[in-house]
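See below for the structure under consideration.
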Amino acid sequence: MDFALLIDGYAAQNRHRGWPRQRMLHECLRAAIRNGTLAAGTRLAASRALAEELGLARNTVLYAYEQLASEGFVTTDRRGTVVAAVAPDR
């Protein structure tokens with residue numbers, strides 16, 4: 001999955017909201033999970049790799065992943081972060 005393309009498209013549509021990058025990344029990933037772009041069982045990129053790909057600080061990515069985990073959208077284990085099974089938006 002090309003996360004940079006996914007994030008850029010979402011950011012362009014929601015730039016008017018003025019969200020900080022942490023929130024933009026979180027909302028983008030959450031929307032992709034809800035609409036099925038990121039299917040259940042999909043392994044997300046490692047936080048270091050995604051941060052480098054997007055030109056963000058690693059803490060920005062960690063914040064987004066932790067927020068998604070607290071909301072039940074992803075699960076984490078020692079192998080990484082995986083999209084949980086959630087009902088997609090209709």
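The table for this structure:
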item: Compactness of the chain - radius of gyration and Dmax, Cα, Å; result: 12.1, 37
item: Sequence of Thr76, Thr81 when ordered by accessible area, the most exposed leading, probe 1.4 angstrom; result: Thr76, Thr81
item: Relative contact order, percent, the chain [alpha-carbon distance under 8 Å, six or more residues apart]; result: 33
item: For region 34-86, alpha-carbon Rg and Dmax in angstrom; result: 10.8, 29
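The values are calculated or read from the model by the stated rules, or taken from the named source; none is laboratory data. Predicted model only: the values in this text are computed from it and were never measured. We work out accessible area using only protein heavy atoms, side chains counted, and drop any ligands, DNA or RNA first. Shrake-Rupley method; radii C 1.70, N 1.55, O 1.52, S 1.80 Å.
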